[in-house]
């Protein structure tokens, strides 16, 4: 074997190894996005399970506030549906509606001292507040993972292999009320 053949084979091997490294990194980024979404989904399901309990406790005290309670339940269903379909735009809109409904519910709770004193209500409010913070943290991690994936599949030389491998960009999960988020803890001080 002459030196030119050895150099050619070494260069070909280096390109192949580099391509495999790029491909593996693209797969890792795709799985990071999926894992981050799964973490959000878990928190959404936990909150989904807690909301009917909160509404039921509130219903016992807030006989005249049916519209607010129904708004929370409707928004809960919309969030669950958008989450199931992985429709991030619809989920962002539904989350905005749910958070507005929860904000209204907790604001109305201020007018019901017996409700605020109820141990079940306080526990559920704290649990939902914690889940809201968890969702926000996980949403940030998800959006970071999406951003890393989306940037990587657009950069050279990764874009060439990304197109061949069928890698696609993911949508960010954005909530419209991010500027005016309800501070649920402040409502219970």
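Each reported figure results from applying straightforward, stated rules to the coordinates on display, with no laboratory input. Here the structure is a predicted model, which means the values were calculated and not measured. Every residue, glycine among them, receives a Cβ derived from its backbone with ideal geometry; neighbour counts consider all protein chains shown.
Of all the options 44, 156, 102, the one that moves most in a Gaussian network model of the chain with Cα springs shorter than 10 angstrom is 156.
State, as an integer percentage, the relative contact order of the chain based on alpha-carbon contacts under 8 Å between residues 6 or more apart. Intermediate results must be reported in sequence, preceding the final value.
Values: 161 pairs, mean separation 58.5, N = 189.
So the answer I get is 31 percent.
For the chain, the mean residue ellipticity at 222 nm estimated from helices alone is -27500 deg cm²/dmol, where every DSSP H run of n ≥ 4 contributes -39500 (n - 2.57) and the total is divided by all residues, rounded to the nearest 500. For a paramagnetic label modelled on residue 117 (point 7 Å from Cα along Cα→Cβ), amide N atoms under 19 Å away belong, within region 43-58, to 57-58.
Which label marks the calculated value of volume of the Cα convex hull per residue in Å³, given the options [x] 123; [y] 200; [z] 106? Only one listed value fits the structure, namely [x].
What length, rounded to one decimal in nm, is gained on full extension from residue 74 through to residue 25, with 0.36 nm per residue of separation minus their alpha-carbon distance? Walk me through the numbers before you get to the answer.
Values: separation 49, 0.36 × 49 = 17.64 nm, distance 4.09 nm.
Gain on stretching residue 74 to residue 25: 13.6 nm.
For the chain, modelled as a GNM whose springs connect Cα atoms under 10 angstrom apart, the maximal fluctuation among 33, 57, 146 occurs at 57. Note on region 3-62 and region 115-157: Cα centroid distance 15 Å, given to the nearest whole angstrom. Taking the C-alpha atoms only, the angle from helix 66-85 to the longest principal axis of the chain is near 20 degrees.
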